[in-house]
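Read the structure below first, then the notes.
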Amino acid sequence: MKKRIVVIGGGPGGYVAAIRAAQLGAEVHLVEKEYLGGTCLNVGCIPTKALLHTAELYHTLRHGAHGLTIGQAQIDWKSLMVRKESIVKRLVQGVAGLLKANKVELHMGQAVLQDAHTVAVSGPTPVQLTADIVVLAVGSVPVQIPVPGVNHAGVIDSTGALSLPQIPKSLVIIGGGVIGTEFAALYNAFGTKVTVVEMMPQILPPVDGQVAARLREHLVNLGVTFMTEARLSEIKKKAAGLTALIWQGSEQQEVTGEYILIATGRKASVGGMGLEAAGVLLDQGKIVVNEHFATTVPHIYAIGDCNAQIMLAHAASAQGVAAVEHALGHQSVYNGEVIPYCIYTSPEVAGVGITEEQAQARGLAYKTGVFPLMANGKSLIEGCESGLVKIIADEQYGTVLGAHIVGPRATDLIAEMVLAMTLEATVDELIATIHAHPTVSEAIAEAALQVRGQAIHWPPGVKVG
Ligand code: FAD
Ligand code: NAI
C-alpha cells in the first residue's frame with residue numbers, strides 16, 4: 001500500500017522532499033501557510049540576488065571601467081522592484097507546476113500537529129490529514145535582539161530591506177554575517193552610506209579569516225564602514241533618523257541611519273506547531289534529529305532551517321531528499337561535511353570544507369596553497385584584482401580538506417572544489433586536471449600547485465597576504 005506523507009512547509013526543503021517522495025511512489029500532501037518556495041524564493045536567495053545582480057551592473061557602469069564611457073547610469077527603483085517580483089513569481093509558479101506534475105496535493109493553510117499521525121490544516125479549506133510519515137520543513141525566522149528601540153519604525157529585517165520604497169541615503173546594519181555583508185554590498189553600490197556593526201573581530205565569522213579580510217578590505221575601498229567588536233545597546237529616534245548607540249570596547253559611539261537593518265542571525269521556526277502534542281523534542285529551540293533527519297518520533301522528520309544544522313537552501317533540499325528516501329526504505333546519501341556556501345557580494349565569496357582556523361583548532365597536519373587573482377588573466381579582464389583562491393590540504397596525502405575563494409564568479413567556481421572533496425581528490429589530481437585558458441578556474445590549479453610550492457604564475461617564496 002502507498003505510504004501517505006505530509007510535508008509541512010513549501011520552501012526548498014519541503015517542496016523538494018515532496019517531489020522526491022512522489023517520485024518514490026508515495027501519496028504526498030504539502031501544506032504551506034504563506035508562500036510556496038518559502039523564504040528562499042520569496043524573501044531570501046532569489047530576490048536578494050536579483051537586486052545584487054543589478055547593483056553590480058550599476059557599479060560597473062558608474063565607474064566607467066572596462067573601457068566604457070556611458071552617460072549617467074540611473075537606477076529605476078520601481079522597475080527594479082517589478083523585475084525582482086517577476087523573477088520570484090515565475091519561480092514560484094514553476095514550483096506549483098512541478099508539484100502538480102508530480103501529483104503532490106497542495107494545501108494552502110497553517111498546519112498544526114494534533115498528534116503524531118494527524119495534521120490539522122486551517123485556512124481557506126480546512127482539512128485534517130492523517131499521515132504515515134510527516135516531514136517538518138517549517139524554516140526559520142530572524143532572531144530578535146532585546147535592545148531598547150528595536151520596535152521603532154525604520155528598524156527592519158532582511159524582508160523589509162528587500163522592499164524599501166526608495167534607495168535610502170544611509171543604512172546601519174547590525175550584524176556583519178551573510179545577510180549583513182550582502183545588503184552592505186547591495187546598498188553601497190546604489191549610493192547609500194552603509195555602516196556595518198559586527199560584535200566579533202572579523203566580519204563573516206565562520207568564513208576563513210584570510211578570505212573574510214580580503215572581502216572587508218574590498219568593501220571598505222568601495223566606501224562601506226565596518227565597526228567590529230562592536231555591540232548595539234539602544235536605538236533612538238532623532239530628527240536626523242534612527243541613531244544606534246554602539247559600544248566598541250569601553251567607548252560608546254552613535255551612528256545614524258535612515259534605516260537600521262537587524263541581521264543578527266535566524267532561528268528555527270517551531271512555535272505553534274503542536275510539536276509537544278506529537279512528542280517531538282527540542283534542544284535549545286532546535287528540533288533534535290538523527291543522521292537521517294528523523295526526530296525523537298521516528299516517523300516524523302525535520303529538515304532544513306528548522307533543525308538549524310545549517311541554514312542554506314541547497315542543504316535544506318539535500319536533507320529533504322535524504323529524509324524521504326530513508327523514510328520510504330531507500331538508501332540515502334547526505335554528506336554534511338561537503339556543503340558549499342556562497343556569498344553574493346562583489347567580488348563573490350564561496351567555500352567548502354574546513355577553514356584554516358578550523359584546521360588549526362583541530363590540530364590537523366595541513367598545508368595551504370594560496371593564489372592571488374591579481375596574477376590571473378581572466379580576473380584582471382573582469383576587473384577584480386583583490387581576490388584569491390585558497391586550498392587547505394592534508395599534509396601527508398594532499399587530500400583537499402577545504403577551499404575558499406574570493407573573486408569573480410567564485411559561486412560557480414566552487415563547484416569544482418565540491419566535486420573534488422566529494423571524490424576525496426588530492427591537490428595532485430587538481431594539478432593534473434587541465435583548466436581552460438583564460439579562465440578564473442586556472443587559479444584553482446595554481447592554488448593546488450601552491451600547496452606543493454610549485455605555482456607557475458607566482459614567484460617562488462613570495463607570500464600572499
Ligand atoms: P523556508 O524556505 O523558510 O520554508 C519554510 C516554509 O514553511 C515557509 O514557506 C513557511 O511559510 C512554511 N511554514 C512554516 N510553518 C508552517 C506551518 N505551521 N504550516 C504550513 N507552512 C508553514 N540560502 C542559500 O543557500 N543561498 C542564498 O543565497 C540565500 N540567501 C538568503 C537571503 C536571505 C535574505 C535570507 C533570509 C536567507 C537566505 N538563504 C540563502 C537561506 C535560505 O533562504 C534558507 O536556508 C532556506 O529557505 C531554508 O529552506 P527551508 O525549506 O528549510 O525553509
Ligand atoms: P549570520 O549568522 O550569518 O550572521 C549574524 C552576524 O551577526 C554574526 O556575524 C554575529 O556575530 C553578528 N551578531 C549577532 N548579534 C549581534 C549583535 N548584538 N551586535 C552585532 N553583531 C551581532 O546570520 P544572518 O546574516 O542573519 O543570516 C541568517 C542565515 O541566513 C545564515 O545562517 C545564512 O546561512 C543564511 N543566508 C545565506 C545567504 C547565502 O547563502 N548567500 C545569504 C543570506 C542569508
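The values are calculated or read from the model by the stated rules, or taken from the named source; none is laboratory data. For clarity, every value in this text was computed on a predicted model and none was experimentally measured. With ideal geometry, Cβ positions are generated from the backbone for all residues, glycine too; neighbour counts draw on all protein chains shown. Note: areas computed on protein heavy atoms with side chains; ligands, DNA, RNA excluded. Shrake-Rupley method; radii C 1.70, N 1.55, O 1.52, S 1.80 Å.
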Problem set entry | the chain shape via C-alpha gyration tensor axes, a/c threshold 1.5 | oblate
Problem set entry | Summed side-chain charge close to GLY398 - residues other than GLY398 whose Cβ falls under 14 Å, Lys, Arg +1, Asp, Glu -1 | -3
Problem set entry | Sum of -39500 (n - 2.57) over DSSP H runs of 4+, divided by residues of the chain (222 nm, nearest 500) | -9500 deg cm²/dmol
Problem set entry | DSSP beta bridge pairing in the chain, given as percent antiparallel to the nearest 5 | 65 percent
Exercise. Going by average Cβ neighbours within 10 Å, how do the peptides 430-436, 191-197 rank, with the highest at the top?
Worked result: 191-197, 430-436
Exercise. Sorted by packing (mean other beta-carbon atoms within 10 Å per residue), highest first, where do 457-464, 108-115 land?
Worked result: 108-115, 457-464
Seminar exercise, completed: Each label sits 7 Å from Cα toward the beta-carbon; between GLN252 and THR422 the label points are separated, in nm, by 5.3 nm
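Taking a probe of 1.4 Å, how large is the accessible area per residue of the chain, in Å²? Don't skip to the answer; put the middle values down first.
On the way: 21530 Å² over 465 residues.
Heavy-atom accessible area per residue stands at 46 Å².
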Seminar exercise, completed: Taking segment 1-122, the equivalent ellipsoid from its C-alpha gyration tensor has semi-axes in Å, biggest first, of 41, 14, 10
Exercise. Treating the beta-carbon of each Lys and Arg as +1 and of each Asp and Glu as -1, no other charges, what is the dipole magnitude of segment 155-264 about its Cα centre, to the nearest 20 debye?
Worked result: 280 debye
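Could you calculate the FRET efficiency of MET1 with LYS103 from 1/(1 + (r/R0)^6), where r is the beta carbon distance between them and R0 is 22 Å, rounded to 0.05?
Details: r = 17 Å, r/R0 = 0.75.
Taking R0 as 22 Å, the efficiency between MET1 and LYS103 is 0.85.
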Problem set entry | Unit charges on C-beta of K, R, D, E only; dipole of the chain, Debye | 1160 debye
Problem set entry | Carbon/sulfur fraction of accessible area - segment 347-452, other protein chains in place, 1.4 Å, % | 55 percent
Exercise. Along the positive direction of the dipole of segment 209-336 (beta-carbon charges: Lys, Arg +1; Asp, Glu -1; about the Cα centre), which of SER269, HIS292, GLN309 reaches farthest?
Worked result: SER269
For this session: May I ask you to list the residues of segment 115-146 whose amide nitrogen lies under 15 Å from a point 7 Å from Cα along the Cα→beta-carbon direction of ALA277?
Result: 115-123, 126-131
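Give, as a single signed number, the net charge of other residues whose beta carbon lies under 12 Å from the beta carbon of GLN248, with Lys and Arg counted +1 and Asp and Glu -1.
Result for the local shell: -3.
Averaging over every viewing direction, what projected area does the convex hull of the Cα atoms of segment 83-144 cover, in nm²?
Mean projected area for segment 83-144: 6.5 nm², to one decimal.
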Seminar exercise, completed: In terms of the charge dipole of the chain, which places +1 on Lys and Arg and -1 on Asp and Glu at the beta carbon, the residue among ALA327, ALA55, MET1 farthest towards the positive end is ALA55
For this session: With the full set of protein chains in place, find how many percent of the accessible area of segment 133-214 is carbon and sulfur; take the probe as 1.4 Å.
Result: 63 percent
Problem set entry | segment 347-452, dipole about Cα centre (Lys/Arg Cβ +1, Asp/Glu Cβ -1), debye to the nearest 20 | 100 debye
Problem set entry | Of the DSSP H helices in the chain, those whose Cα atoms cover at least 15 Å axially and whose Kyte score averages 0.0 or more | 45-62, 77-101, 178-189, 209-222, 313-327, 410-422
Problem set entry | Most positive-pole-ward Cα, GLY209, GLY465, PHE226, against dipole of the chain from beta carbon charges | PHE226
